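Worksheet: the structure to be examined is printed underneath.
The values are calculated or read from the model by the stated rules, or taken from the named source; none is laboratory data. These figures come from a predicted structure and were not determined experimentally. Cβ sites come from the backbone with ideal geometry, for glycine too, and all protein chains shown count toward neighbours. Note: areas computed on protein heavy atoms with side chains; ligands, DNA, RNA excluded. Shrake-Rupley method; radii C 1.70, N 1.55, O 1.52, S 1.80 Å.
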Amino acid sequence: MKYHLLLNLSLIGAGIAGSIQLSADSYKLSDGTRIEGEIHRAIGESITIVASDGSKVIRDIDDFDAQSKTSINDWKNAHPEKADVYTKWDTQPIIVSSKLPELPEQFLESKFKGSASIELILDESGLVLHASVRDASHEELEEPSIKATKNWKFEPAMVDGNPVKSKLRIPFQFKNTPPEKTFRDHFKPNTPFAL
């Protein structure tokens, strides 16, 4: 009985160890070499993995074993905003339709300056696939900036004559300068006053 319990525990331990080695953060090359890390980017057949030591490993997908190829393709399907996204193009995306973000109401009454930078991922047809805040001077500027850019339309970026997914950054500058109040602004309309 003791032998069976130890045998079962060792089999369970081996199963756990095996599953740890085959986790999504471990990739095996066809020659048996393991790469521990996380996929950073996948463009076409080129896969970039940030290894656990911080180094970047760039390999062709055909360099990986079958199980790792499946994991990489699963990752691409789960992260369309990170897979096959180009940051360098032959022709850059061109805005076709856009609406600027609105300044939140709390900033309309007084003098205000602010900024937000939005990172967009565009699909091959030029539609916004994903929008995220890269930087914002005020948290209140994030939501209107994201909301505005999600409906933008572009002519897609081109690489080798083909439309491609692309990543770009859109900076916004917000400024409000309310008009100076004059002496008359202190009185209600139709209120008699003498000078």
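General remarks:
- Among residues of segment 106-163, those that are in a strand (DSSP E or B) and of a type in the set (S, T, N, Q), counted: 4
- Neighbours by Cβ (under 7 Å, 6+ apart or cross-chain): first from segment 149-163, among the polar types (S, T, N, Q); second in a strand (DSSP E or B): T149/I118; T149/L120; T149/V128; T149/A131; T149/I170
- Breaking point among (1) closer than 30 Å to G32 by Cα; (2) open to solvent by less than 50 Å² (accessible area, probe 1.4 Å); (3) hydroxyl-bearing (S, T, Y), for S117: (1)
- Taking each residue of segment 80-105 that is open to solvent by 50 Å² or more (accessible area, probe 1.4 Å) and looking for partners that are at pLDDT 95 or above and in a loop (DSSP other than H, G, I, E, B) with beta-carbon atoms closer than 6 Å, six or more apart or interchain, yields S98/W152.
- Residue within segment 173-188 that is assigned to a helix (DSSP H, G or I), acidic (D, E) and modelled with pLDDT under 95 present: yes
- Taken together, S166, S125 contain a single residue that is surrounded by 18 or more Cβ atoms within 10 Å (Cβ to Cβ), out of contact with any Ser or Thr (no Cβ under 6 Å at 6 or more places or on another chain) and in contact (Cβ under 8 Å) with a residue 24 or more places away in the chain, which is S166.
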